[in-house]
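S.K.: Can you read through this structure? Questions will come right after.
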């Protein structure tokens, strides 16, 4: 038998290595090569492979696809592993590309390594490097390479190189010289005219290059003729760049951002030229086009863009009205109204009025001129705004909207504009769907007729994606009918959902697939809740499909919506474990994502998606008997925004640290935009480069995860990661003291209860209460706020109504919560004080909406006794806030005061109740101007500077406060406005006919910025200073008291409804005397002050004024507000 000496095996191994190397060298793109390296790592990531490639080198040159460059790739993989090595090689490849001496050499590398050289992340990095480069030549060179990549990506390699050579030259810095080379303007203009007439997206890139070439060759002579040519070419180029941005034709966020800046620069230059030469017609057209670009920026989240857009629209309208160019006036008015409608949709309620005025103007012109198709467009746009107003609660808007929809449909049918008929019919059907959901059962018949008409048109015209949209909308109406009791509606709905899904899958519209699958899953959830046990499995399958196309980092709002809807299904299945697990992940995701979102509108939308999530998950945890887990989830749901309001924390950073954080946040946003764009591109046709969109998604996702981790690491280094688990029972019990009980109520579908942390007891005590249901809580809150809203909008004659509302609410509050808490205290052996000076102190951590009710004044309907007769009460926004406040209360506090007293000079009271408890040298009192503009009045800047300099132990505000229920961000304390430009005191008329200083609002964001780290107690003696954000974030205690706690105060005394100066003075005086002189806790002190005001109002009224309800000003409404009795019940203490 022959002996095998290994020669045959070596030959076989060599042959296999040669095959693997051949496959590696032939592969197209770095991703493909990475896959081969991973698959054949034992062969290729070796010294033998390196040696074999070395043998193949010819002359030592580095060919784009030759052995030498592949040796570099293998060397990096040997050192760092395949994945990290490929990343390191990509960086080397970029540097090699930048260093190539000729355009041809750079093109050769692009031909082989378009992936990664043309990828979004690489180009983003080059743009960032160019913008941060100190050397202008280096920056210009990097921008030159970015433009080269853009040309090749948009037009393919050959055409892109030719265009780049024409526009930018063969080398960086040659474009200026190239601009002097002869061109044929006539042929370029003719080509431009042809492309403009076709106006096809595939021609826009070529139009951009032609316009750039013409502008580069146009001399800047200063003659009016050449100036106007430059303005016309620049405006046209800016419009093309705007179109490309709107169509998403820029491959990277940085490229789109650069195009946006270029477009604005071109518009600005054109407008300057046209204004200088008084070409007003062209000024109006250019201003309108730039305003349209700014509107698109606003819709993308740039809230600052709206102001500049309105200035441009106003200019265009003024010119066109003056010149009586009425058709153009109508077009501009409609465009500006569309921007205002977008602002209304974003939360600016005041924008609707001006929008309607502009729509009405446009319609009047268009009807007069019988421009009927334009009338139909404007009428539909205005009807869409009215539909949004209806959805926001304006029931009267529906009638006018239908009149406009009917007018538009009649016109469009008469002109046989069937595509527009389908769109308008669908929009009107959507309004009818909203009306049905609001209780109008008769709306469904007409809605289905309109949906059927839209579907018939779209099927006939084979507009399949639009068919899918209409089918889904009609199915959603049927789902609402099923949930209202029409069992037969489900079958038709499923047929429509099935049609929509089939179309969207066929067209690879994956994001829309996700939305439709989720909607059908919601219907199946409703069927499961109605008793169809088989529906759950199919619903979960559809949720799985939806979530596969909705990654959280790319589309966080849609992802949260889908997972929240699945949570509803899990709750219906009573799968408490999965509810807890899913909700925990959801809350963690939002807490991680929130700090990276700068735009307030986007933050609010994210928070709205988790409304109630923590409490729902806590209910499931408590159903499983897991008290600590339930408290942790309850805490997590109530502190998402509180824990990530970064303004005050970031204000403490140095300028360099803030810049570092801002850059990192901008980088994260840019990469997130690229990821979202790549995901949306999955269903779009491939461009000329034929790049694989799935690979682009994978690459963008990897980069996004990397940047998110880097951002989180940076925040940790800067001390800004505020996430921490809720304090445990031992820590809380130690901080609370011997005579204090912590109570956390919860309300669930089948009953809730109380969690109590009491002295002398181990851990949390659980008290189950079947009557503490979620529905009972909702009924109480709805009744209270309905009465309060009526009171809030009433005139001075409604004092009796207001008082009745308070009395009824106090009794209902006793029955639902405070009575059960009273019984639980007695069961623990903590006996009621029955009016004694000292009482057991209770820290209540309630659902935040309950904190704006008069908890301490809750009254037993049988005995008439109030809760505060037996217990001292204070509120904590969260368990962590409870612990932090208690720790602050225990530290020494300086006996110093910063007071703000009557800053608008209209209360008739000039002494702050806190002043009497401090020596002259230890107090600073900021007041109004008292008619003297030289006086150091209580302006915002002066308050900030004074608090920073003094760091007081007590802060006392005695003036006007205001709560805006529609927009809680407008809730504020009112300070003195700064002197006007003439050095005069700014004044306004009051509703009493006299004059007072204009108030400058100082809201929660401003209060958070105060340095109150040494403050034992802060007093907010103004109207409604204890109210919170109930409109947008009812699960969190976001308002003025929480802002002061975040600023460092240990306790905050605030008010729950409009109060009057005299009784407020009495309560504050009594409370501060006990806290500052008798060393009483604020809760005990406030309890005694409230009881004294209630029991003997004359004895504590230092002015002798009437303490009943009387009409005085409130900043919360447009009319004078009554003060509801009992006035003593209006006060609350937050903190410790």
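The values are calculated or read from the model by the stated rules, or taken from the named source; none is laboratory data. None of these values were measured; they are calculated from a predicted model. Here Cβ is always computed from backbone atoms with ideal geometry, including for glycine, and neighbour counts include all displayed protein chains.
S.K.: Return the only residue of 577, 568, 558, 564 being outside any loop (DSSP other than H, G, I, E, B), surrounded by fewer than 23 Cβ atoms within 10 Å (Cβ to Cβ) and more than 25 Å from the chain's Cα centre (by Cα).
M.R.: Values: 568 fails: more than 25 Å from the chain's Cα centre (by Cα); 558 fails: more than 25 Å from the chain's Cα centre (by Cα); 564 fails: more than 25 Å from the chain's Cα centre (by Cα).
The unique qualifying residue is 577.
S.K.: Okay, moving on. Being modelled with pLDDT of 95 or more and either surrounded by fewer than 22 Cβ atoms within 10 Å (Cβ to Cβ) or assigned to a helix (DSSP H, G or I) (or both): is that true of residue 360 here?
M.R.: Values: modelled with pLDDT of 95 or more: yes; either surrounded by fewer than 22 Cβ atoms within 10 Å (Cβ to Cβ) or assigned to a helix (DSSP H, G or I) (or both): yes.
Here the answer is yes, as residue 360 does meet what is asked.
S.K.: Tell me, please, whether a residue that is within 20 Å of residue 574 (Cβ to Cβ), touching a residue at least 12 places away in the same chain (Cβ under 8 Å) and not in a helix (DSSP H, G or I) can be found in region 520-528.
M.R.: For region 520-528, residues within 20 Å of residue 574 (Cβ to Cβ), touching a residue at least 12 places away in the same chain (Cβ under 8 Å) and not in a helix (DSSP H, G or I): absent.
S.K.: For region 937-957, which residues satisfy the criterion of being at pLDDT 85 or above and exposed (fewer than 15 other Cβ atoms within 10 Å of the Cβ)? Step through it out loud before you land on a result.
M.R.: Here is the first cut: in region 937-957, the ones at pLDDT 85 or above are 937-947, 950-957.
Scanning region 937-957 gives 941, 945.
So that you can scan it fast, the table gives a plain yes or no per residue for (1) in a helix (DSSP H, G or I); (2) buried (at least 21 other Cβ atoms within 10 Å of the Cβ); (3) touching a strand residue (DSSP E or B) at 6+ places or on another chain (Cβ under 6 Å):
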residue	(1), (2), (3)
266	yes, yes, no
269	yes, no, no
272	yes, no, no
275	yes, no, no
278	no, no, no
281	yes, no, no
288	yes, yes, no
295	yes, yes, no
301	no, no, no
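S.K.: Can you list the helices (runs of 4 or more DSSP H) lying wholly within region 22-118 that have 3 or more residues being more than 24 Å from residue 144 (Cα to Cα)?
M.R.: 30-39, 41-44, 47-56, 67-80, 82-99
S.K.: Can you tell me which of 553, 532 is assigned to a loop (DSSP other than H, G, I, E, B), modelled with pLDDT of 95 or more and outside the structural domain of residue 455 (by TED's automatic domain parsing)? Can you show your working first?
M.R.: Values: 553 fails: modelled with pLDDT of 95 or more.
Every option except 532 fails the conditions.
S.K.: Given the condition touching a helix residue (DSSP H, G or I) at 6+ places or on another chain (Cβ under 6 Å) and without any contact (Cβ under 8 Å) to a residue 12 or more places away in the chain, answer yes or no: does some residue in region 377-397 qualify?
M.R.: Checking region 377-397: at least one residue is touching a helix residue (DSSP H, G or I) at 6+ places or on another chain (Cβ under 6 Å) and without any contact (Cβ under 8 Å) to a residue 12 or more places away in the chain.
S.K.: Does any residue of region 971-982 turn out to be in contact with a helix residue (DSSP H, G or I) (Cβ under 9 Å, 6 or more places away or on another chain), part of a loop (DSSP other than H, G, I, E, B) and surrounded by fewer than 17 Cβ atoms within 10 Å (Cβ to Cβ)?
M.R.: yes
S.K.: Something else now. Can you say whether residue 202 is at pLDDT 80 or above and either within 25 Å of residue 148 (Cα to Cα) or assigned to a helix (DSSP H, G or I) (or both), as far as the supplied structure shows?
M.R.: Details: at pLDDT 80 or above: no; either within 25 Å of residue 148 (Cα to Cα) or assigned to a helix (DSSP H, G or I) (or both): yes.
So residue 202 does not fit the description; no.
S.K.: State whether one or more residues within region 504-513 are buried (at least 18 other Cβ atoms within 10 Å of the Cβ) and either without any contact (Cβ under 8 Å) to a residue 40 or more places away in the chain or in contact with a strand residue (DSSP E or B) (Cβ under 6 Å, 6 or more places away or on another chain) (or both).
M.R.: Scanning region 504-513 turns up at least one residue that is buried (at least 18 other Cβ atoms within 10 Å of the Cβ) and either without any contact (Cβ under 8 Å) to a residue 40 or more places away in the chain or in contact with a strand residue (DSSP E or B) (Cβ under 6 Å, 6 or more places away or on another chain) (or both).
S.K.: I need the full set of residues from region 877-923 which are farther than 30 Å from residue 738 by Cα, touching a helix residue (DSSP H, G or I) at 6+ places or on another chain (Cβ under 6 Å) and surrounded by fewer than 21 Cβ atoms within 10 Å (Cβ to Cβ), in order please.
M.R.: The answer is 909, and nothing else.
S.K.: Ok, one more. Looking at region 36-51, is at least one residue surrounded by 14 or more Cβ atoms within 10 Å (Cβ to Cβ) and at positive phi?
M.R.: There is no residue in region 36-51 that is surrounded by 14 or more Cβ atoms within 10 Å (Cβ to Cβ) and at positive phi.
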